[in-house]
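Notes for the one structure printed next.
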Amino acid sequence: MPTEQQVRRSLEEVLIPGTTGSLVKFNLVRRVAVSDGKVDISLASTALNPETQDWLSASVPDVVKRLPGVVDVEITFEEAGCKDINEIGSVIAVMSGKGGVGKSLVAGLAALSLAQRGREVGILDADITGPSIPKMFGITARPVGGETGILPVLSRTGIKIMSTNLLLSREDDAVIWRGPLIGKAITEFWEDVLWGSLDYLIVDLPPGTADAPLTVMQSLPLSGVIIVFSPQQLTAMVVRKAVRMARESMHIPILGVVENMSYLVLPDTGEKLDLFGKSRADEMAKAAGAPLLAQIPVDPELARACDEGDIEHYNFHLTNALADALIEAVEAARMRGGGKERIPVDSRTDYQERTMASEDPR
């Protein structure tokens, strides 16, 4: 007679049609009971259309009956919303005060580094009008789902990804939306996507401190924020703006800072060249009151991997260090009680008025 654990393990073989993820991967197995050769399995119907449910009703018993001692298998479905099914340990937002500093790249590398350490990871691409995560990961498949939710697309290494680009008929179609509609889309990506069980959800924010980042900070239970910058002199000001928004105005802990395009390694000599000026890593970490998580070099091979949708095969030598630094930063924020409760902002106008009033005139 099989145990409940053995039955659940067998269900890892059952892939949801139209995806590369299993019932277990999406946390849809609600209950398993084994008695006298009969196995009763209750599945959530979340994000599953009627045709998919019918297919599972026929396919799951075939798989479970391979276990010794199983005579009969009964499948039932129970209704549940995505919010009832999703179990997400930590939600990390990646933000920058300005565009062009490689925020999406850092979000992708952060997700990869954590996944390579055996964590279950997802990426919510909240950069609605400038999504680049699917291109970076070489994903072109469209999400599937039903009336009760939508399933994210899995990358080659099993990272769950949701982005507006996956919903467009062509990846180069422009998303011309005003702020409220962008905010609504971000909220739906959080509430109506079946993320399942995740250790970390990485949220790739649009640049700046306007409506979309504000929506994420108000709506999602963020564990903390990573701030991305590059060595140029201009970044000092914009990093401080991002710090002020996250920590002082929204009361969300800053987990750390990442300097992108920090240096270029000359191939002939191995010498490091400060291509965009002297590193400002220590200065920015001090300004943010948070650790420096990584300094990412300018690497033509990394650029090629992103352009070809092959970032998951890029040999990033800082992977382990970045993952360790992130895990440590999240745990430190949790020990301090950060990321759980924060003072709500009543409206965007309220936030903007307080920000303008607190700007340093210098």
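The values are calculated or read from the model by the stated rules, or taken from the named source; none is laboratory data. Just so it is clear, the model here is predicted, and its values are computed rather than measured. Reconstructed Cβ throughout: ideal geometry from the backbone, glycine too, with neighbour counts over all protein chains shown.
General remarks:
- Pairing residues of segment 178-190 that are farther than 22 Å from Leu201 by Cα with residues that are at pLDDT below 75, at Cβ distances under 6 Å and at least 6 apart in sequence or on separate chains, gives Gly179/Asp211.
- Residue within segment 115-124 that is assigned by TED's automatic domain parsing to the domain that holds Asn320 and part of a helix (DSSP H, G or I) present: yes
- Hey, Val106 part of a strand (DSSP E or B), in the same structural domain as Ile226 (by TED's automatic domain parsing) and either under 30 Å from Gly224 (Cβ atoms) or touching a residue at least 60 places away in the same chain (Cβ under 8 Å) (or both) or not: no
- Pairs where the first residue, in segment 15-43, is closer than 26 Å to Leu166 by Cα and touching a residue at least 24 places away in the same chain (Cβ under 8 Å) and the second is of a type in the set (Phe, Trp, Tyr) and in a loop (DSSP other than H, G, I, E, B), C-beta under 7 Å, 6+ apart: Ile16/Phe26
- Screening Thr129 against (1) modelled with pLDDT of 95 or more; (2) in a loop (DSSP other than H, G, I, E, B) leaves a single unmet condition, (1).
- Residue count for segment 68-116, restricted to those that are β-branched (Val, Ile, Thr), in contact with a Ser or Thr (Cβ under 6 Å, 6 or more places away or on another chain) and more than 16 Å from Lys160 (Cα to Cα): 3
- Some residue of segment 224-236 being at pLDDT 90 or above, closer than 21 Å to Gly337 by Cα, in contact with a strand residue (DSSP E or B) (Cβ under 8 Å, 6 or more places away or on another chain) and not β-branched (Val, Ile, Thr): yes
- Residues satisfying the stated conditions in segment 1-39, i.e. surrounded by fewer than 15 Cβ atoms within 10 Å (Cβ to Cβ) and more than 27 Å from the chain's Cα centre (by Cα): Met1, Thr3, Glu4, Gln5, Arg31, Ala33, Ser35, Asp36, Gly37, Lys38
- When residues in segment 283-299 are screened for being surrounded by fewer than 22 Cβ atoms within 10 Å (Cβ to Cβ) and farther than 13 Å from Gly102 by Cβ, 7 of them pass.
- Ile123 vs. criteria hydrophobic (A, V, I, L, M, F, W, C), under 21 Å from Thr19 (Cα atoms) and either touching a residue at least 60 places away in the same chain (Cβ under 8 Å) or surrounded by fewer than 23 Cβ atoms within 10 Å (Cβ to Cβ) (or both): yes
For every residue, the table says whether it meets (1) surrounded by 20 or more Cβ atoms within 10 Å (Cβ to Cβ); (2) within 19 Å of the chain's Cα centre (by Cα); (3) over 30 Å from Arg334 (Cα atoms).
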position	(1), (2), (3)
Leu222	yes, yes, no
Met245	yes, no, no
Val265	no, no, yes
Thr269	no, no, yes
Ala281	no, no, no
Glu301	no, no, yes
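- Any hit, segment 196-214, residues being on the phi > 0 side of the Ramachandran plot, surrounded by 24 or more Cβ atoms within 10 Å (Cβ to Cβ), at pLDDT 90 or above and in contact with an Asp or Glu (Cβ under 8 Å, 6 or more places away or on another chain): yes
- Any chance Gly97 is more than 17 Å from Gly196 (Cβ to Cβ), in the same structural domain as Ser132 (by TED's automatic domain parsing) and touching a strand residue (DSSP E or B) at 6+ places or on another chain (Cβ under 8 Å): yes
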